[in-house]
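Asker: Would you mind keeping the following structure in view while I ask a few things?
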Amino acid sequence: MKLKLLPILFLFSILSTAQKLEYATFNIPDSLKQNANAVVRLSQINIDITSQKSMTIKLLQVTTVLNELGLRNLDLVENYDKNRRINKIEATVYDAFGKQLKAYRKGDFKDQSAADGVTLFSDNRLLYLDYTPTTYPFTMVFEVEIETSNTAFIPSWRPINDYLASTEKASLTINFIPDLRLKYKEFNFSNKYSIEKKETESSLTYAAKNIVAHKYEELAPSFDLLFPRVMFGLELFNLEGITGNAKSWKEMGKWFYDEILSGTVELPEETKIKIKNLVGNEKDPLKKAEVVYKYVQEKTRYVSIQEGIGGWKPMLAKDVDKLGYGDCKALTNYTRTLLNEVGVTSYYARLYGQREKREIYTDIVSFQSNHVILAIPDNSDYVWLECTSQVQPFGFQGDFTDDRNAYLIKPDGGEIVKTKTFTEKDNLQIVKGAYQITETGDFIGKVRIISKGLQYDNEFGKERLSRENQIKNYKEEFSNINNLNVTKITFNNNQAGIEFTEELELEAEGYAQISGGKLMFVVNAFAQSYYVPKKYRIRELPFEIDRGYTDEEEIEVTIPEGYIVEAKPNAFEQETEFGFYKIEFNLINPSKILCKRKLIIKKGIYDKSKYESYRKFREIIAKTDNSKVVITKS
């Protein structure tokens with residue numbers, strides 16, 4: 001009898017210790033493991049909007065982490081504040097065979113402020129699990145339930161969230177009251193993805209399965225431009241106790257102006273008098289604005305503040321005036337208030353601030369953006385002010401806010417406009433240099449570099465570096481010149497003309513290679529392009545050149561007395577849809593060579609079939625820029 005019970009007891013033991021065989025790694029299809037560091041076994045989001053002021057979000061995320069690199073796909077964190085409550089947060093870890101290793105409850109999660117190193121004040125806090133795995137692969141089951149009164153922000157749905165991660169199953173269901181009028185916008189849906197959609201009067205469901213992992217490829221456009229996602233919004237919403245409507249951009253902008261910006265523009269009388277005295281009798285609105293902008297730059301500094309209406313309502317102008325600091329909202333609103341005092345119209349403008357361009361999508365009226373700047377009407381255009389910067393020239397937009405949609409908040413409503421787009425002609429750098437080669441192969445030279453447009457944005461920060469870091473920077477920039485010694489540095493930052501000039505004096509030992517009484521060296525010492533995109537056997541993704549530019553160079557080379565040019569490179573010119581390249585090596589006289597070069601790169605998003613052509617274009621540029629001349633004694 002005991003012997004007959006042994007198999008039964010053994011089976012019971014197996015079942016009791018391996019209750020989640022569906023989480024076992026061997027159940028993952030091989031196609032989902034390929035190119036993957038992690039596999040999302042299940043991502044299930046349920047959103048219930050029971051009123052204009054009540055929304056519950058439930059998330060169940062099951063992720064198998066295949067190796068250490070897959071840890072980035074674990075998002076074991078949730079934020080909360082006075083209007084966003086975490087009802088449940090739990091995590092359970094299983095080994096490769098589905099055996100439970102450890103369970104974590106809400107009390108096991110660490111609680112801390114969500115403020116980062118530059119955030120001075122914040123109402124937001126977060127709970128997070130600091131998990132260190134002991135073995136791979138493992139599976140993490142993460143469950144969260146959130147209750148919030150803020151219905152202005154409905155999470156987007158992304159069935160795939162990252163490169164090198166695949167998705168076995170993903171779904172989202174939203175239940176809502178029809179009178180609130182749910183809106184949604186689908187992106188990048190295609191036959192490549194198995195996505196189902198079900199819609200009723202009061203619910204919307206998306207489900208996807210078996211989405212394979214993709215490798216990141218150099219120059220790939222933004223992830224959001226490539227892979228499926230859905231954005232949501234309500235026409236009738238609530239934001240921190242204030243109800244509003246998003247029927248149109250105009251109506252939502254009117255609500256924002258009346259409810260969010262109202263009551264924030266009071267200034268002390270002495271400040272009003274001071275700013276009017278500074279402006280004096282000036283009549284030109286832009287010249288008055290330039291005086292005000294300089295005043296704000298000298299008086300205030302940027303700090304991040306995430307208090308108030310979910311981080312959307314700016315700090316009072318009088319408080320910024322008193323304290324001398326604020327975040328993007330506060331400093332923009334303060335500048336707007338000062339401009340109003342001197343009779344200059346300006347508009348609070350919301351947009352996405354980041355170097356990788358991100359758009360506000362105009363065909364879904366909803367809360368989009370993470371940054372605020374100021375727009376001043378100038379005939380049919382706008383002058384844009386970055387009010388958080390103490391060094392940015394008046395009216396200059398760098399690559400943090402260029403070429404994207406901005407949402408202007410006007411007294412009579414909102415409006416979407418485009419910020420400044422810099423063309424390849426605007427982003428100009430001009431290099432004029434001269435150097436001589438000694439008989440011992442040493443290099444003595446001078447160079448003048450003028451940068452405009454976004455090239456100005458890249459360069460003008462050099463003047464604020466220490467001299468040690470300036471020299472280090474130039475040694476990296478001119479890494480083709482071995483043993484470089486920077487003997488003199490002079491800068492001229494012409495903020496009115498948005499033009500930054502660098503003048504350098506340089507020396508280097510052994511720039512030219514000496515062999516058999518001959519000297520060989522690269523002619524183009526100051527403007528070499530080394531960049532060649534990675535080669536792919538099969539390219540899967542389109543590619544993007546996000547910003548165009550133009551480089552123009554003229555370099556005069558003097559060879560030692562008694563030497564002649566034995567061999568020099570031929571001129572080369574090529575024009576493609578991606579840009580233009582031309583370089584010439586001309587003998588001015590027996591002892592002088594003039595190198596003239598022009599490079600134009602055009603912005604654009606290109607089909608993957610054209611990637612190899614672009615790569616070869618850059619390869620030719622890099623190779624030709626490295627062309628050498630041979631000189632010998634006459």
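Asker: I'd like to know if the stretch 492-505 contains one or more residues that are in contact with a helix residue (DSSP H, G or I) (Cβ under 7 Å, 6 or more places away or on another chain) and part of a loop (DSSP other than H, G, I, E, B).
Answerer: For the stretch 492-505, residues in contact with a helix residue (DSSP H, G or I) (Cβ under 7 Å, 6 or more places away or on another chain) and part of a loop (DSSP other than H, G, I, E, B): present.
Asker: Looking only at the stretch 161-215, which residues are open to solvent by 40 Å² or more (accessible area, probe 1.4 Å) and either of a type in the set (S, T, N, Q) or in a helix (DSSP H, G or I) (or both)?
Answerer: 161, 175, 178, 179, 188, 190, 191, 194, 200, 202, 210
Here is a yes/no grid of residues against (1) open to solvent by less than 10 Å² (accessible area, probe 1.4 Å); (2) more than 30 Å from residue 541 (Cα to Cα); (3) part of a loop (DSSP other than H, G, I, E, B):
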| position | (1), (2), (3) |
| --- | --- |
| 224 | no, no, no |
| 237 | yes, yes, no |
| 243 | no, yes, no |
| 254 | no, yes, no |
| 263 | no, yes, yes |
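Asker: So if I check each of 460, 443, 521, which one is surrounded by 18 or more Cβ atoms within 10 Å (Cβ to Cβ) and closer than 30 Å to residue 293 by Cα?
Answerer: Values: 443 fails: closer than 30 Å to residue 293 by Cα; 521 fails: closer than 30 Å to residue 293 by Cα.
Just one listed residue meets the conditions, 460.
Asker: So, in the stretch 22-59, of the ones that are out of contact with any Asp or Glu (no Cβ under 9 Å at 6 or more places or on another chain), open to solvent by 30 Å² or more (accessible area, probe 1.4 Å) and part of a strand (DSSP E or B), which residue ends up nearest to residue 93 (Cα to Cα)?
Answerer: The residue in question is 44.
Asker: Can I ask one more? If I ask for residues that are closer than 24 Å to residue 622 by Cβ, open to solvent by less than 20 Å² (accessible area, probe 1.4 Å) and not aliphatic (A, V, I, L, M), which ones from the stretch 463-484 would you list?
Answerer: Taking the stretch 463-484 as the starting set, the residues that turn out to be closer than 24 Å to residue 622 by Cβ are 472-484.
Add one more test, that the residue is open to solvent by less than 20 Å² (accessible area, probe 1.4 Å), and what stays is 474, 478, 481, 484.
Selection gives 474, 478.
Asker: Keeping to the stretch 431-462, report how many residues are among the acidic types (Asp, Glu) and in a loop (DSSP other than H, G, I, E, B). Working first, answer last.
Answerer: First, the residues of the stretch 431-462 that are among the acidic types (Asp, Glu): 439, 442, 457, 459.
Filter again for in a loop (DSSP other than H, G, I, E, B), leaving 439, 442.
Of the residues in that region, 2 qualify.
Asker: Residues that are at pLDDT 95 or above, among the hydroxyl-bearing types (Ser, Thr, Tyr) and in contact with a strand residue (DSSP E or B) (Cβ under 6 Å, 6 or more places away or on another chain), at least 2 per element: which strands (runs of 3 or more DSSP E) completely within the stretch 344-430 meet that? Reasoning before the result, please.
Answerer: Values: elements: 347-351, 371-378, 381-385, 405-410, 413-418.
Fully inside the stretch 344-430 and qualifying: 347-351.
Asker: Return the pairs, sorted by first residue and then second, in which the second residue is open to solvent by 80 Å² or more (accessible area, probe 1.4 Å), the first residue lies in the stretch 90-112 and is under 15 Å from residue 138 (Cα atoms), the beta carbons are less than 6 Å apart, and the residues are 6+ apart or on different chains.
Answerer: Cβ pairs passing all conditions: 93/101; 93/102; 94/100; 95/101; 98/21.
Asker: Here's something else I'd like to know. Inspect the stretch 316-327 for any residue being in contact with a Ser or Thr (Cβ under 7 Å, 6 or more places away or on another chain) and among the aromatic types (Phe, Trp, Tyr) and give the result as yes or no.
Answerer: Quick first cut of the stretch 316-327, residues in contact with a Ser or Thr (Cβ under 7 Å, 6 or more places away or on another chain) only: 316-317, 320-321, 324-327.
From the residues that got through so far, the ones that are among the aromatic types (Phe, Trp, Tyr) too are 325.
Within the stretch 316-327 (the criterion being in contact with a Ser or Thr (Cβ under 7 Å, 6 or more places away or on another chain) and among the aromatic types (Phe, Trp, Tyr)), the answer is yes, since at least one residue qualifies.
Asker: Within the stretch 596-624, track down each residue that is among the small types (Gly, Ala, Ser) and open to solvent by 30 Å² or more (accessible area, probe 1.4 Å).
Answerer: Taking the stretch 596-624 first, the residues among the small types (Gly, Ala, Ser) are 604, 609, 613, 622.
Residues satisfying the conditions are 609, 613.
Asker: Right, another one. I'm told residue 559 meets every condition in (1) touching a Gly at 6+ places or on another chain (Cβ under 8 Å); (2) under 15 Å from residue 522 (Cβ atoms); (3) not acidic (Asp, Glu) except one. Can you identify the failing condition by its number?
Answerer: (1)
Asker: Next question. With the condition kept exactly as written, say whether any residue in the stretch 502-512 is free of Cβ contacts under 8 Å to residues at least 24 places away in the same chain, under 25 Å from residue 531 (Cα atoms) and either touching a Ser or Thr at 6+ places or on another chain (Cβ under 6 Å) or not basic (Lys, Arg) (or both).
Answerer: Initial filter on the stretch 502-512 (free of Cβ contacts under 8 Å to residues at least 24 places away in the same chain): none.
Looking through the stretch 502-512, none of the residues is free of Cβ contacts under 8 Å to residues at least 24 places away in the same chain, under 25 Å from residue 531 (Cα atoms) and either touching a Ser or Thr at 6+ places or on another chain (Cβ under 6 Å) or not basic (Lys, Arg) (or both).
Asker: Show me the strands (runs of 3 or more DSSP E) found entirely inside the stretch 531-595 where at least 1 residues are buried (at least 18 other Cβ atoms within 10 Å of the Cβ) and not charged (D, E, K, R). Walk me through it before giving the result.
Answerer: Values: elements: 543-545, 549-558, 563-567, 572-576, 579-589.
Once the strands (runs of 3 or more DSSP E) in the stretch 531-595 are filtered for at least 1 residues that are buried (at least 18 other Cβ atoms within 10 Å of the Cβ) and not charged (D, E, K, R), what remains is 543-545, 549-558, 563-567, 579-589.
Asker: I'd like to check something: does the stretch 205-215 contain any residue that is in contact (Cβ under 8 Å) with a residue 40 or more places away in the chain and in contact with a Lys or Arg (Cβ under 7 Å, 6 or more places away or on another chain)? Please lay out each step first, then the result.
Answerer: As a first pass, look at the stretch 205-215 and keep what is in contact (Cβ under 8 Å) with a residue 40 or more places away in the chain: 206, 208-215.
Those left that are additionally in contact with a Lys or Arg (Cβ under 7 Å, 6 or more places away or on another chain): 206, 209.
Yes.
The values are calculated or read from the model by the stated rules, or taken from the named source; none is laboratory data. Since we're looking at a predicted model, the values are computed, not measured. In this analysis, Cβ positions are derived from the backbone assuming ideal geometry, glycine residues included, and neighbour counts consider all displayed protein chains. Quick note on the areas: whole protein, heavy atoms, side chains included, nothing else; ligands and nucleic acids left out. Shrake-Rupley method; radii C 1.70, N 1.55, O 1.52, S 1.80 Å.
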